[in-house]
Amino acid sequence: MRFSIYRFDPDKDEKPYMQDYDIALEPADRMLLDALVRIKTVDDSLSLRRSCREGVCGSDGMNINGRNGLACVTPVAGLKEPVELRPLPGLPVIRDLIVDMTQFFKQYHSVKPYLINNDPPPETERLQSPEERAQLDGLYECILCACCSTACPSFWWNPDKFVGPAGLLQAYRFLADSRDQATAERLDYLEDPYRLFRCHSIMNCVDVCPKDLNPTRAIGRIKDMMVKRTV
Amino acid sequence: MVKRVTTGAHYGLRDWLAQRVTAVVMVIFILCLVTALLISPPHDDNALKAMFSNQWMRIASFLFLVSLFWHAWVGMRNILMDYIHTTSIRLTLQVLVILSLLFYTIWSVEILWNL
């Protein structure tokens with residue numbers, strides 16, 4: 001199988017370049033990550049992040065034939081050859097397919113992605129009704145692989161100011177949580193032309209999310225909450 | 001100079017909402033106008049002129065144009081915020097957009113009420 005992979009080693013290369021590989025895959029090499037591990041047996045200088053190899057850890061996000069996705073859950077069958085692999089767009093490249101996620105996590109942390117509840121903790125747990133718990137479905141599953149935010153042009157243009165789809169999905173995850181008491185502060189923080197309103201609902205995030213989540217809908221719900229408290 | 005990220009202007013909802021509302025106003029006007037033109041197509045220039053000199057038609061057209069300009073303002077500012085990252089240039093361009101839209105508003109009054 002033929003691959004064309006983005007290579008860049010800041011210690012050696014002046015500019016990034018595309019390197020071609022032609023690799024015979026074994027029958028067990030079903031996913032793109034298997035193929036990449038196979039490539040590493042012939043060229044161990046190729047660098048990429050991976051860990052759980054089953055779409056849970058979110059480490060191996062990359063641009064696969066022009067579309068962001070996780071290598072470990074992308075079947076090699078059906079990929080157009082040569083398979084063009086590039087690092088996630090819009091973030092600084094550290095080496096080969098590895099990007100610097102600092103900016104991404106900065107935005108994630110900016111929305112306080114944790115429960116804020118100032119009541120004394122109860123003996124056992126903070127109970128939710130099944131309906132209240134159901135509000136979190138489609139929100140809590142995010143694995144922070146950054147496929148969505150790095151597919152978002154608004155995040156490309158203003159990564160320092162726009163929270164991005166992943167961060168906003170998490171912001172709504174806590175706005176939707178019946179146990180959270182910081183709704184007003186969270187909305188105050190987000191009501192900003194850059195942090196939230198750079199989203200123009202083009203839905204690239206929905207298109208690429210490997211967990212089939214819908215950040216655009218979550219962003220719409222945040223706007224709904226703002227409309228409700230304003231008008 | 002330390003490059004500090006400055007966000008937190010605490011506005012944006014009103015503009016976003018205005019963009020939606022003005023879009024609805026424009027759709028309603030366009031649908032009404034197209035229906036009216038299909039039901040009784042004006043034969044000549046004078047018939048078209050007569051149609052737009054009706055006082056209600058003037059008000060509706062003006063409402064449409066104001067919606068258009070307001071919508072354009074929100075959209076243009078969005079584009080400038082997305083792509084122009086030097087504050088002084090962005091501010092200059094935004095002022096130019098506002099001035100031209102104000103000019104268009106006055107101009108449309110002039111056109112509509114002088115038919």
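The values are calculated or read from the model by the stated rules, or taken from the named source; none is laboratory data. Since this is a predicted model, take the numbers as computed values, not measurements. Every residue, glycine among them, receives a Cβ derived from its backbone with ideal geometry; neighbour counts consider all protein chains shown.
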Subject >> Cross-chain or 6+ apart pairs with Cβ under 8 Å, the stretch A:174-201 first and within 17 Å of residue A:116 (Cβ to Cβ), then of a type in the set (Phe, Trp, Tyr) >> reply: A:174/A:114; A:180/A:174; A:182/A:174; A:186/A:174
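Taking the condition of being aromatic (Phe, Trp, Tyr) and exposed (fewer than 14 other Cβ atoms within 10 Å of the Cβ), how many residues in the stretch B:69-93 meet it? Even if it seems obvious, please write down each step before you answer.
As a first pass, look at the stretch B:69-93 and keep what is aromatic (Phe, Trp, Tyr): B:69-70, B:73, B:83.
When the remaining residues are screened for being exposed (fewer than 14 other Cβ atoms within 10 Å of the Cβ), the result is B:83.
Of the residues in that region, 1 qualify.
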Subject >> Of the criteria (1) within 19 Å of the chain's Cα centre (by Cα); (2) among the hydrophobic types (A, V, I, L, M, F, W, C); (3) away from chain B (no Cβ under 13 Å); (4) exposed (fewer than 15 other Cβ atoms within 10 Å of the Cβ), which one residue A:202 fails >> reply: (3)
Original post:
What is the number of the single condition among (1) part of a helix (DSSP H, G or I); (2) away from chain A (no Cβ under 14 Å); (3) touching a residue at least 60 places away in the same chain (Cβ under 8 Å) that residue B:70 does not meet?
Top reply: (3)
**OP:** Looking for whichever is surrounded by fewer than 20 Cβ atoms within 10 Å (Cβ to Cβ), in contact (Cβ under 8 Å) with a residue 60 or more places away in the chain, farther than 30 Å from residue A:16 by Cα and not charged (D, E, K, R) here; the options are A:143, A:116. Which one fits?
**Re:** A:116
Subject >> Residues that are among the hydrophobic types (A, V, I, L, M, F, W, C) and within 14 Å of chain A (Cβ to nearest Cβ), drawn from the stretch B:1-40 >> reply: B:2, B:5, B:9, B:13, B:16, B:17, B:18, B:21, B:23
Original post:
Out of (1) under 26 Å from residue A:199 (Cβ atoms); (2) away from every other protein chain (no Cβ under 14 Å), the odd one out for residue B:43 is which?
Top reply: (1)
Original post:
Got a number for residues in the stretch A:10-40 being more than 24 Å from the chain's Cα centre (by Cα) and either in a loop (DSSP other than H, G, I, E, B) or modelled with pLDDT under 95 (or both)?
Top reply: 13
Subject >> Failed condition for residue B:96, given (1) surrounded by 13 or more Cβ atoms within 10 Å (Cβ to Cβ); (2) without any contact (Cβ under 8 Å) to a residue 60 or more places away in the chain >> reply: (1)
Original post:
Just one of A:133, A:195, A:179 is within 14 Å of another protein chain (Cβ to nearest Cβ) and charged (D, E, K, R); which is it?
Top reply: A:195
**OP:** List the number of the failed condition for residue B:94; all other conditions in (1) part of a helix (DSSP H, G or I); (2) farther than 26 Å from residue B:4 by Cα hold.
**Re:** (2)
Original post:
Of everything in the stretch B:4-49 that's assigned to a loop (DSSP other than H, G, I, E, B) and under 22 Å from the mean Cα position of the chain (by Cα), which residue is surrounded by the most Cβ atoms within 10 Å (Cβ to Cβ)?
Top reply: B:12
Subject >> Complete set of residues in the stretch A:52-79 that are over 14 Å from residue A:144 (Cα atoms) and hydroxyl-bearing (Ser, Thr, Tyr) >> reply: A:74
**OP:** Could you please find all residues in the stretch A:57-89 being hydrophobic (A, V, I, L, M, F, W, C), without any contact (Cβ under 8 Å) to a residue 60 or more places away in the chain and in a strand (DSSP E or B)?
**Re:** A:62, A:64
Original post:
Does residue A:149 qualify as being at the interface with chain B (Cβ under 9 Å from one of its Cβ atoms), closer than 22 Å to residue B:85 by Cβ and in contact with a Cys (Cβ under 9 Å, 6 or more places away or on another chain)?
Top reply: no
